[in-house]
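Peer 1: The structure is given below, and queries will be raised subsequently.
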Amino acid sequence: MDGCSRRERGRLEAVTATVETSVLVRYFIGTPSEQAARAKRLLDGPGAYQVTEVILVETSHVLRTLYKVPREVIVDSLIDLVRKENISVSALSKGQLVEALLLCRPSGRISIPDALTWAQAIASRSETIYTFDENFPSDGVVVRAP
């Protein structure tokens, strides 16, 4: 939490869940409508959540490559997201990054972004990861859909 303001530290301490890429994509794109509505209720609701730099990068990649969203729209959408009072952004130490990357070696099932997101949730003591990804790593956290 080096470099965080006192206000940001307070918000990070209040975070109980991490919001993963699949939830953000549905929030921004609006489809499928039922999942998008659940993502909107979660992110626009009263809870305090965290996203990581990796989640933001992966979200931008998915929006740009799969949904052909213009770069300017993606940037504006991500800025609006991280400015929300209930959203915090955090990073990993080198040791935590290595631990996460080691999850990816034996398994083609765990992607690098998912492993890094998992490690961030563990490092920040986030109790829950909200995702629509049924293959998300769950060791040490509760994985649930919004």
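The values are calculated or read from the model by the stated rules, or taken from the named source; none is laboratory data. Only a predicted model underlies this, so the values are computations on that prediction, with no experimental measurement involved. Glycine gets a Cβ as well: all are built from the backbone with ideal geometry, and neighbour counts include every protein chain shown.
Peer 1: Taking the condition among the hydroxyl-bearing types (Ser, Thr, Tyr), crowded, with 17+ Cβ neighbours inside 10 Å and over 11 Å from the mean Cα position of the chain (by Cα), does Tyr49 pass?
Peer 2: no
Peer 1: Oh, and also: Do the conditions hold for Arg26, that is, is it of a type in the set (Lys, Arg), under 13 Å from the mean Cα position of the chain (by Cα), modelled with pLDDT of 95 or more and surrounded by 14 or more Cβ atoms within 10 Å (Cβ to Cβ)?
Peer 2: Judged against the criteria, Arg26 is a match.
Peer 1: Quick one: in the range 77-102, which of the residues that are in a helix (DSSP H, G or I) and within 27 Å of Ala39 (Cα to Cα) is modelled with the lowest pLDDT?
Peer 2: Ala100
Peer 1: Given the condition exposed (fewer than 11 other Cβ atoms within 10 Å of the Cβ) and hydrophobic (A, V, I, L, M, F, W, C), answer yes or no: does some residue in the range 84-97 qualify?
Peer 2: Among the residues of the range 84-97, not one is exposed (fewer than 11 other Cβ atoms within 10 Å of the Cβ) and hydrophobic (A, V, I, L, M, F, W, C), which makes the answer no.
Peer 1: Additional query: Taking the condition of being touching a helix residue (DSSP H, G or I) at 6+ places or on another chain (Cβ under 7 Å), farther than 16 Å from Leu24 by Cα and either surrounded by fewer than 17 Cβ atoms within 10 Å (Cβ to Cβ) or hydroxyl-bearing (Ser, Thr, Tyr) (or both), how many residues in the range 125-146 meet it?
Peer 2: 1
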